[in-house]
Amino acid sequence: MVLDTFLITGLFNVVMLIGLALLLHLQLGLTRIANFGVVGFWGVGLYTFGVLYVRVDWPFEDPIQFVVCAVLATAAAGLCGLLIGWLIADLDVDGVLVGTLGFATAVAILATTEQGLTGGARGMGGLRFPYDSGDVAVNELIWLLVLVALVAGILAYVWLVHRAPYGRLLIAIGSNEPLARSLGKPVTRTKLGLFTITSALMGLLGVMYGVMVRFLEVSSLGIEVTLATVVGLVVGGSVRVLGAVVGVLLTVGFFDIVIQSYLPLPAEWYTQTIPLMREVLFGVALILVLVFRPLGLLGHMRRDRLMKRIHGG
Amino acid sequence: MSETANVLEVSGLRTGYDGIAVLDGVDFTVGEEVFAILGANGAGKTTLLATLARLNPLMAGTVTFRGTDTSGLRAHQSAGLGVGYVPQERGVFPDLTVMDNLRVGGMFGNRSLQERVEEVFTFFPDLKRKLNLRAGTLSGGESRMVACGRALMQETTLLLLDEPTAGLSPLYVSTFFEAIRRIRFERQVAIVVAEQNATQALGVADRVMVLSLGRASAAMAASELTTERLKHAYQI
């Protein structure tokens, strides 16, 4: 049985945001890099892929065309991560926040103004799945499963990072950067490496999204993606691996799937009221969590328990 | 003491913050010994130690560690040479367990991590029972022990201790200074300790230097430091 297209799209967004929140967990939750430009890196992947896939006359067909464009788009997002990471490396939290937000804004402006490449405000079509089952709903379902596999891979990576010396180093840098430096840790290089890899993966998630929607709109480069990612992560608990998963499920999942799919809301609400209501509810959820449970619903990292499980004692 | 025996040589050091010098014209050498830096609150002890660890900028002068000029190095490069730094405050990573804090220090050196951890326990046996606790839950004294233990995990040959006993109970103070004395002899580590607690510091120090009003006195044997000189430095 093939799922309803609306539900597939909703699930796709939830899974994609879980992936973004997991990557932000590594940046913000562990290393305290306050990246508020998630949508910028995601958008670089999305638009680079779209432009390469649609505008370039490749000498080969799908799926090789998709793979080549996806790899290049991911690399472009990673390169942006390297550049932005280098620029913000020595800034305090406020500076990082403004710098990354500025980058995301620049990406949105570039996508809007470069009409020849991106179609500007009119958007750009021509994207398609790198396979064809003959049924759009089946294609979408398969793509959703591919995304689930990708995000499961990201989850496994994050889980491993928590148990590895690398994770220890990220937490150390996030807790006290000068102290980590004084212990001989290559702080800047570690932060740059992390930011590059996570930004590249954010770009890859943008690629996945582009194929799913098959039409690029500059409106998708607004603050909503970043906001949903940050809210999900903070609500769930930014220092816990599962915080990203639980937080996104309880916010985006609950609103986009449960409320929109199963509540009998008036049809006219879907154009303006629901998107606004979504932002308001996310804001309220964020405030309530910050006031009553500042470390998120899953609370503190409880690394002591984790280490006890791993090493005994 | 011959020149080659010097672990640390500081010459014409000027350092401070935002272009404003806190200390100027500081010269001293440290051999295989415990070297105490005394001074009142605000005398520049923390600034000096952070500069020696290459966390603060060097505005003038040179710092040479075991024959290598570290003046142009960054903190992590200096640490790689064997300079261990234990800050006065925020000396542990609060979200990491005690064991993880020790492991973070174990990046350099040839000996196994386990061997080094066991060695830390010989100096600070209390840590053995707290290994899986988050460092953020420890008392002030226990945190200092973790920070000092972590510096030892680095296979440090020069240990910079910034007011290691500030705010601690008398019991912890004597325990800590006893550990410093043992580290000095059993690990053969040169130790520079900045302290306000002159009595305790002089009890373990071989030589001493006093900071006052942005200048440093000439280094002297701990036994040569007179009460008058100390009173003057502390502006009593």
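The numbers here are math on the coordinates, done by the rules we state, and not lab data. Remember, predicted model here, so these are calculated numbers, not experimental data. Heads up, the Cβs are rebuilt from the backbone with ideal geometry, glycines too, and the neighbour counts pull from every protein chain shown.
Could you check what % of the DSSP bridge pairs in the protein assembly as shown are antiparallel, to the nearest 5?
Close to 50 percent.
Set the Förster distance to 45 Å, then compute FRET efficiency between B:ALA60 and B:GLU178 from the Cβ-Cβ distance, nearest 0.05.
0.75
Is the C-alpha gyration tensor of region B:3-233 telling us rounded, prolate or oblate? Criteria: a/c under 1.5 is rounded; beyond that, a/b larger than b/c is prolate, otherwise oblate.
Judged from the Cα gyration tensor, region B:3-233 comes out prolate (a/c at least 1.5, a/b above b/c).
In deg cm²/dmol, rounded to 500, what helix-only [θ] at 222 nm does the protein assembly as shown give when every DSSP H run of at least 4 residues adds -39500 (n - 2.57) and the total is split over its residues?
Theoretical 222 nm ellipticity from helices: -16500 deg cm²/dmol.
Any idea how far apart B:ASP18 and B:ARG229 come out in nm if each label point goes 7 Å out from Cα toward Cβ?
Between B:ASP18 and B:ARG229, the simple spin-label model gives 3.5 nm.
So between A:PHE215 and A:ALA149, what do we pick up on full extension, going 0.36 nm a residue minus the alpha carbon distance?
Going from the current span to full extension adds 21.5 nm.
Under 22 Å between alpha carbons, and skipping anything fewer than 8 positions from B:LYS45 in its own chain: which lysines qualify?
B:LYS45 reaches B:LYS231.
Say we join alpha carbon atoms closer than 10 Å with springs in a Gaussian network model of chain A; which of A:ILE259, A:ILE154, A:ILE88 then has the biggest fluctuation?
A:ILE259
I'd like the distance separating the alpha-carbon centroids of region A:187-238 and region B:160-221, in whole Å.
Using only Cα atoms to place each centre, the spacing works out to 50 Å.
Given a Förster radius of 56 Å and the C-beta distance between A:LEU295 and A:ARG128 as r, what FRET efficiency does 1/(1 + (r/R0)^6) yield to the nearest 0.05?
0.80
According to the square roots a ≥ b ≥ c of the eigenvalues of the Cα gyration tensor, what is the shape class of region B:1-46, taking rounded for a/c under 1.5, prolate for a/b larger than b/c otherwise, and oblate for the remainder?
Since a/c reaches 1.5 but b/c is at least a/b, the shape of region B:1-46 is classed as oblate.
According to the square roots a ≥ b ≥ c of the eigenvalues of the Cα gyration tensor, what is the shape class of region B:72-197, taking rounded for a/c under 1.5, prolate for a/b larger than b/c otherwise, and oblate for the remainder?
Taking the square roots of the gyration eigenvalues as a ≥ b ≥ c, region B:72-197 is rounded.
Averaged over peptide B:69-79, how many Cβ atoms belonging to another chain are found within 10 Å of each residue's Cβ?
Taking the mean over all residues of the peptide, I get 3.
Relative contact order for chain A: what percent, with Cα pairs under 8 Å and sequence separation of 6 or more?
32
For region B:3-233, what proportion of DSSP beta bridges, expressed in % and rounded to the nearest 5, is antiparallel?
Of those bridges, close to 50 percent are antiparallel.
Pairs of alpha-carbon atoms within less than 8 angstrom and 6+ residues apart define the contacts here; what relative contact order does chain B have, in percent?
It rounds to 27 percent for chain B.
With a length cut of 27 Å (Cα positions projected on each helix's long axis) and a Kyte-Doolittle mean of at least 0.5, go through chain A and give me the DSSP H helices that pass.
Those that clear 27 Å and a mean of 0.5 are A:5-24, A:64-88, A:93-113, A:136-163, A:187-213, A:273-292.
If R0 is 56 Å, what FRET efficiency do you get for A:ARG189 and B:ALA40 from their C-beta distance, rounded to 0.05?
According to the calculation, E is roughly 0.90.
Modelled label-to-label distance, B:ALA166 and B:GLU118, 7 Å Cα→beta-carbon offset: nm?
3.6
What whole-number distance in Å separates the alpha-carbon centres of region A:145-171 and region A:12-83?
17
Taking chain B as a Gaussian network, where each spring joins two C-alpha atoms under 10 Å apart, which residue of B:ASP95, B:ASP18, B:ASP126 fluctuates the most?
Greatest mean-square fluctuation among the candidates belongs to B:ASP18.
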